[in-house]
Amino acid sequence: MDTIVLDIETKDMYGGASGKIISDLSPSFVGIYSYSGNKYSGYFESDFPDLKKLLSEPALLVGFSSNRFDLPILSRVLNLVFDKHPKVDLCEELEIRTGRRVGLNTLALINLGKGKTGAGLDAPQLFAEGKLEELKSYCLNDVQLTKELYDLIRTKKELKIPKQESVFSNQLGLFEKDKLEKVKIDLGPLLTFI
């Protein structure tokens, strides 16, 4: 069974002035990393039949906030049910253990020393402006960060997160070392799929 790390970008935003809810959104791009293939790949809307074929196969699905966002959208658009796929949502795993959410950029900066290349809210604009290569690059960077955080959990079984009362120490988003805490994350049998 493969392990697939995924992330999606959407054509539009939800909430606020848009009045849309997550289930109304349509993906503009889906980024994937396949452990069995040891490669990153991307799918625009015209490639969704290939994406559907890939995601129809049993696989461990790894993402960041994927249970709330990515998978419901993909399920609707690709007409797939992911109930039988084992899943690891890194955001959800941290929330279960700490009672709070920590963003991908913060986790990546603290644990990997690098961060996101943009903001998720920029993705619909990149799509609207036809900047598809920038959109692809942004999404695949998020997939890479999620994969590397997952790999860290697999090897160390923990991630560093900012303490609840901590604040950014400078414009680069770096935290003071004494303002970090380690969170144990043992995914047990879900680690055996790789």
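Most exposed first by the Cβ proxy, i.e. fewest other Cβ within 10 Å, how do Cys139, Cys91 rank? List each step's numbers first, then the result.
On the way: Cys139 28, Cys91 20.
Ranking Cys139, Cys91 by Cβ neighbours within 10 Å, fewest first, gives Cys91, Cys139.
If you average the sequence gap of Cα pairs under 8 Å that are 6 or more apart and divide by the length of the range 2-148, what percent do you get for the contact order?
On the way: 225 pairs, mean separation 44.6, N = 147.
Normalised by residue count, the contact order of the range 2-148 is 30 percent.
Remark: the range 16-152 projects, on average over all directions, an area of 9.0 nm² (convex hull of Cα atoms).
Length available on full extension from Lys53 to Asp2: 0.36 nm per residue minus the Cα-Cα distance, which gives 17.0 nm. Summary of the geometry: the range 92-133 and the range 36-50, compared by the centres of their Cα atoms, lie 20 Å apart. By DSSP, the beta bridges lying fully in the range 1-149 are antiparallel in about 65 percent of cases.
When the C-alpha to C-alpha distance is required to be over 32 Å, the pairs from Lys136/Lys160; Lys53/Lys131; Lys84/Lys163; Lys87/Lys136; Lys53/Lys116 that qualify are Lys84/Lys163.
No value in this document is a laboratory result; all are computed from the given coordinates. Please read these numbers as outputs of a predicted model, since none were measured by experiment. Cβ: placed from backbone, ideal geometry, glycine included. Neighbour counts: every protein chain shown.
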